[in-house]
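Q: Okay, here's the structure, questions in a sec.
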Amino acid sequence: MSVDARLSRMLHLLIHMGRMDGPLTSENAATMLGTNPVVVRRTMAGLRDAGYVRSVKGHGGGWSLTGKLDDITMLDVHRALGDNRIFALGTADPSPVCLVEQAVNASLEKAMLEAETLLLHRLADVTLADIAADFDKRFTELRFPETVR
């Protein structure tokens with residue numbers, strides 16, 4: 001089963017964009033992500049429509065953030081990408097006749113709802129600045145391992 005990595009990929013790009021002096025072209029973003037510029041533009045459109053990025057066409061153009069990394073949470077990005085499905089688990093038959101399968105469905109659906117609610121709350125608690133700070137810490141530890149204890 002393939003995973004939907006759009007959230008991860010867009011978080012990656014947005015943090016890079018937050019560290020850049022100028023706009024990021026779709027071509028450079030595509031190179032970073034190992035994908036096609038059309039895919040980048042299509043995915044970034046949701047972030048633009050939600051007001052987190054803007055695009056400028058032409059020479060010197062590209063994508064840039066409209067605000068600061070502190071102002072954007074992982075949940076914001078998830079929602080801007082279209083509230084894609086959190087988990088791939090599901091029931092075999094949504095309207096079973098078998099009482100055992102009805103009980104399985106009820107239990108599974110309850111557990112999935114609880115897990116999704118917990119995950120969405122966690123996504124709302126983490127800003128892109130938090131992720132960028134974690135990067136800074138990891139980078140410092142990699143460059144100067146003897147100073148970090």
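Q: Take the residues in segment 1-33 that are part of a loop (DSSP other than H, G, I, E, B) and among the polar types (S, T, N, Q), then tell me which one is farthest from the chain's Cα centre (by Cα).
A: Selected residue: T25.
Q: Give segment 44-87 a look and list any residue that's over 21 Å from A132 (Cα atoms) and of a type in the set (S, T, N, Q), or say none.
A: Correct list: S55, N84.
Q: Contact list please: Cβ distance under 8 Å, first residue in segment 103-127 and within 17 Å of A92 (Cβ to Cβ), second residue assigned to a helix (DSSP H, G or I) and of a type in the set (D, E), pairs at least six apart or on different chains.
A: Once the first residue is within 17 Å of A92 (Cβ to Cβ) and sits in segment 103-127, no partner that is assigned to a helix (DSSP H, G or I) and of a type in the set (D, E) comes close enough.
Q: Can you tell me which residues in segment 46-74 are of a type in the set (A, V, I, L, M, F, W, C) and at pLDDT below 95?
A: V56
Q: Of all residues in segment 102-149, how many are within 19 Å of H16 (Cα to Cα), surrounded by 14 or more Cβ atoms within 10 Å (Cβ to Cβ) and among the β-branched types (V, I, T)?
A: Adding up the residues that qualify gives 3.
Q: May I ask you to verify whether A129 is more than 26 Å from the chain's Cα centre (by Cα) and at pLDDT 90 or above?
A: no
Q: Ok, one more. Here are R122, R85: which of them is more than 24 Å from N28 (Cβ to Cβ) and in a helix (DSSP H, G or I)?
A: Exactly one residue qualifies, and that residue is R122.
The values are calculated or read from the model by the stated rules, or taken from the named source; none is laboratory data. Predicted model, so just to flag it, every value in this text is computed and none were measured. In this analysis, Cβ positions are derived from the backbone assuming ideal geometry, glycine residues included, and neighbour counts consider all displayed protein chains.
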